[in-house]
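*Asks:* Take a look at the following structure, please.
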Amino acid sequence: MKRFDPLLPIIGVVGLIVIWSFAVWGQVVDPVLLPSPTKTFWALWKGMNGGALGFDFLKTVQRTAISILIAAAIALPLGIVLGSSERLYRSVEFVIDFFRSTPASAMFPLFLVLFGVGDKTKISVAAFGAMLVILFNVAYGVMNARKTRLLAAKVMGASRLRVLTDVMLLESLPQTFIGLRNGVSLALVIIVVAEMFIGSTDGLGHRVFEAQQLFEMPDMYAAIFAAGALGYGFNLLFLLVERRFVHWSGK
Amino acid sequence: MLETPAGPPGGTPAPERAHVTIRGLSKRFNNVVIYDKFDFDIPRGTLISVFGPNGCGKSTLINMIAGLIPVDEGEILFDGKKLSEIKFGYVFQNYREALFPWLRAIDNIEYPLKVMQVPNVERRARSEKLIANLGVKIDLKRYPYEMSGGQQQLVSIMRALIVEPEILFLDEPFSALDYEMTLFMREQLQRVFQETGTTTVLVSHDLEEAVYLADRVLLLSRHPALVADYVRYDDARPRTDATLSEPEFIRVKAHCLDVFQREVRKG
Ligand SMILES: Nc1ncnc2c1ncn2[C@@H]1O[C@H](COP(=O)(O)OP(=O)(O)OP(=O)(O)O)[C@@H](O)[C@H]1O
Ligand SMILES: [Mg+2]
């Protein structure tokens with residue numbers, strides 16, 4: 001039976017579709033609110049192949065990718081610097097924790113004032129949120145580097161800089177990837193919300209919102225699934241990269 | 001340079017050139033005095049086992065000698081030189097946390113040479129020589145987490161040896177290994193010592209192991225640590241399982257146990 005184990009995740013998917021089909025067939029829910037799976041997947045297929053959905057999908061990918069790149073470019077070096085001095089980190093810890101706990105959506109009005117209605121605001125709020133998440137994880141990864149390993153490098157005569165690049169950096173990688181995965185999830189949430197409400201003309205958030213306004217339910221569900229697939233895909237991408245480059249993680 | 005260093009306390013008549021001289025060493029942790037004006041000489045080319053009650057300061061001693069923790073007072077010199085001027089090796093008890101999991105075993109072994117900016121080709125040549133000298137047959141292309149505990153500790157020891165250290169420190173290097181591995185690793189260490197004659201300081205909590213491997217056993221008292229006794233064990237190498245049942249071995253071990261128990265009771 002073991003060799004069928006890789007197929008196990010499919011059971012949940014099939015189960016969901018079966019329940020969904022029965023709900024539609026039995027008219028448990030108003031058919032206008034819940035279209036059939038075939039209609040929905042047809043909308044998804046059409047939308048992604050030359051339809052508006054595909055374009056919106058790429059827009060959201062682009063915004064999320066840019067914001068995570070900006071976040072990482074700031075948070076990785078800063079996290080390493082902060083983490084390599086525990087006292088330095090303690091002195092800014094409260095500020096980081098405070099803003100990390102602040103809902104990023106509360107920052108929209110401020111960023112709107114700063115950057116106006118456009119991509120800049122969406123991307124910078126998402127980058128801001130993701131940056132704090134990554135920063136926190138990188139700093140902790142560096143701070144929690146195994147003491148023995150640092151000592152080992154030190155007795156071998158490694159300079160402080162070398163200890164940082166050869167040991168602390170690598171030690172922090174597993175935690176850094178946790179930060180990147182959480183950061184990209186948060187960035188996607190913020191981008192999609194922003195696309196719904198901050199004067200957008202494109203993006204997955206806009207697509208979901210517009211489909212709902214026009215009562216095109218299959219399109220709305222299709223856009224939701226596309227957003228889900230995107231979130232899942234980003235996570236999977238980081239997991240694969242991590243498994244490739246941080247092969248020792250968890251061992 | 002120190003002029004005419006005093007012989008080891010409780011010492012022996014045979015004049016030996018001191019390799020490490022420890023003078024007036026003091027160390028306290030939160031007002032608990034661990035060492036108070038401690039003097040000791042470690043002779044060149046000998047293997048010294050350090051044995052004593054739990055928490056008496058064995059690790060503290062070798063960590064201070066190896067510069068891992070600062071001394072409060074006193075001086076430790078290596079042939080009159082400072083620690084920064086010599087090459088030494090240190091083997092941690094916790095090999096899992098001491099090796100670098102992102103490097104293959106062979107790259108772990110060569111890492112100290114990389115720090116010393118030895119060119120790639122020479123690094124390879126030196127590790128190959130070390131592997132041949134020790135007769136190591138395990139696959140060093142693997143990552144540490146793919147190896148058994150004993151293999152990992154062997155890699156740690158090789159990493160300490162690759163620089164051809166003047167002095168080698170080991171803090172309970174085998175205590176995380178199972179018995180079979182421990183026996184195997186003792187033989188490896190004995191072999192290393194015979195091959196290289198490197199001055200070696202071994203902290204061990206296993207009296208049989210301490211005596212079996214040692215030229216001298218340094219018995220420490222409860223802290224503030226003093227030299228409770230400094231026992232010579234001169235049996236020829238290689239020592240084998242048969243050594244363990246020889247009268248001289250049994251006598252030395254019994255004597256050490258005596259001293260140890262006297263010290264434990266004092267506490
Ligand atoms: N960083 C530290 N801070 C405070 N006390 C310490 C510290 N390191 C060691 N000590 C104390 O100093 C004493 C000597 O410690 P040390 O680790 O050298 O003992 P040890 O002889 O190696 O013991 P063990 O047999 O358990 O390995 C112990 O009582 C210990 O509690
Ligand atoms: Mg100890």
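*Asks:* Return the Cα extents of segment A:54-245 along principal axes one, two and three, sorted largest first, each rounded to a whole Å.
*Replies:* 68, 37, 20
*Asks:* Here's another thing I want to ask about it. Which three extents, in angstrom, do the Cα atoms of segment A:167-251 have along their principal axes, listed largest first?
*Replies:* 55, 23, 14
*Asks:* Taking springs between alpha-carbon atoms closer than 10 angstrom, which of A:GLN212, A:GLN27, A:GLN175 fluctuates most in the Gaussian network model of chain A?
*Replies:* The residue with the greatest mean-square fluctuation here is A:GLN27.
*Asks:* With springs only between Cα atoms under 10 Å apart, run a GNM on chain B and tell me which of B:LEU244, B:LEU207, B:LEU154 wobbles the most.
*Replies:* Maximum among the listed residues: B:LEU244.
*Asks:* Can you bin every Cα-Cα distance in segment A:1-77 into 5 Å intervals starting at zero and give me the percent of pairs per bin, rounded to whole numbers?
*Replies:* Taking all Cα pairs of segment A:1-77, the binned fractions are 3, 12, 11, 11, 12, 15, 14, 11, 7, 3, 1, 0 percent.
*Asks:* Take every Cα pair under 8 Å in chain A that's 6+ residues apart, average their separations, divide by the length, and report that relative contact order as a whole percent.
*Replies:* Answer for chain A is 25 percent.
*Asks:* Just how many % of Cα pairs in chain B lie over 34 Å apart, if you round to the nearest whole percent?
*Replies:* Taking all Cα-Cα pairs of chain B, the fraction more than 34 Å apart is 18 percent.
*Asks:* Same structure, new question: P(r) tail for segment B:45-96, what percent of Cα pairs lie past 14 Å? It would help to have the intermediate numbers written out before the result.
*Replies:* Working: 844 of 1326 pairs.
Tail of the P(r) past 14 Å holds 64 percent of the pairs.
*Asks:* By how many degrees, between 0 and 90 and to the nearest 10, does the Cα long axis of helix B:247-266 differ from the longest principal axis of chain B?
*Replies:* The angle comes out near 60 degrees.
*Asks:* Helix B:105-115: angle to the longest alpha-carbon principal axis of chain B, degrees 0 to 90, nearest 10?
*Replies:* Helix B:105-115 sits at roughly 70 degrees to that axis.
*Asks:* Pairs of alpha-carbon atoms within less than 8 angstrom and 6+ residues apart define the contacts here; what relative contact order does segment A:175-251 have, in percent?
*Replies:* 30
*Asks:* Take A:LEU16, B:LEU183 and sort them by solvent-accessible surface of the protein heavy atoms, 1.4 Å probe, largest at the top.
*Replies:* Most to least solvent-accessible, the answer reads A:LEU16, B:LEU183.
*Asks:* Take the residue pairs B:LYS82/B:LYS114; A:LYS59/A:LYS120; B:LYS87/B:LYS114; B:LYS27/B:LYS58; A:LYS39/A:LYS59 and return only those whose Cα atoms are more than 19 Å apart.
*Replies:* B:LYS82/B:LYS114; A:LYS39/A:LYS59
*Asks:* Can you give me the relative contact order of segment B:94-164 as a percent, contacts being Cα pairs under 8 Å and 6 or more apart? Please report the intermediate quantities before stating the final value.
*Replies:* Details: 65 pairs, mean separation 38.6, N = 71.
So the answer I get is 54 percent.
*Asks:* Angle, helix B:149-161 long axis vs. longest principal axis of chain B, Cα atoms, 0 to 90°, nearest 10?
*Replies:* With both axes taken from Cα atoms, the answer is about 80 degrees.
*Asks:* Determine one quarter of the surface area of the Cα convex hull of the protein assembly as shown, which equals its mean projected area, and express it in nm² to one decimal.
*Replies:* 34.5
*Asks:* What FRET efficiency would be calculated for the residue pair B:GLU85, A:ARG87, taking the C-beta separation as r and a Förster radius of 30 Å, to the nearest 0.05?
*Replies:* Working: r = 32 Å, r/R0 = 1.05.
E between B:GLU85 and A:ARG87, to the nearest 0.05, is 0.40.
*Asks:* Sticking with this structure for a sec: Among A:LEU161, A:LEU76, A:LEU53, whose mean-square fluctuation peaks in a Gaussian network model of chain A (Cα, cutoff 10 Å)?
*Replies:* Highest fluctuation among the options: A:LEU161.
*Asks:* Step through the residues of segment A:3-11 one at a time and calculate ³J(HN,Hα) from phi using the Karplus curve (6.51 cos²θ - 1.76 cosθ + 1.60, θ = phi - 60°), rounding each to whole Hz and writing x for Gly and Pro.
*Replies:* Each residue of segment A:3-11 in turn: 6, 8, 3, x, 8, 3, x, 5, 4 Hz.
*Asks:* If the only charges are +1 at each Lys and Arg Cβ and -1 at each Asp and Glu Cβ, what is the size of the charge dipole of segment B:94-164 around the Cα centre, to the nearest 20 debye?
*Replies:* Using only the charged Cβ atoms, the result is roughly 100 debye.
*Asks:* Tally Lys/Arg at +1 and Asp/Glu at -1 over every other residue whose Cβ is under 15 Å from the Cβ of A:VAL189; what's the total?
*Replies:* +3
*Asks:* Over all alpha-carbon pairs of segment B:94-164, lay out the pair-distance distribution in 10 Å bins, whole %, shortest bin first.
*Replies:* 22, 58, 20, 0
*Asks:* Dividing the convex hull volume of the Cα atoms of segment A:74-156 by its residue count, what figure in Å³ per residue is obtained?
*Replies:* Dividing the Cα hull volume of segment A:74-156 by its residues yields 90 Å³.
*Asks:* Let me ask another. Any idea which of B:ILE62, A:TRP20, A:SER124 is furthest toward the positive side of the dipole for the protein assembly as shown, if Lys and Arg beta-carbons carry +1 and Asp and Glu beta-carbons -1?
*Replies:* Sorting the options by dipole projection puts first A:SER124.
*Asks:* Quick one: what do you get for segment B:162-233 if you divide its Cα Rg by 2.2 N^0.38 Å?
*Replies:* For segment B:162-233, the normalised Cα radius of gyration comes out at 1.16.
The values are calculated or read from the model by the stated rules, or taken from the named source; none is laboratory data. Owing to the predicted nature of the structure, the values given are computational and were not obtained by experimental measurement. Neighbour counts run over all protein chains shown; Cβ positions are idealised from the backbone, glycine included. Note: areas computed on protein heavy atoms with side chains; ligands, DNA, RNA excluded. Shrake-Rupley method; radii C 1.70, N 1.55, O 1.52, S 1.80 Å.
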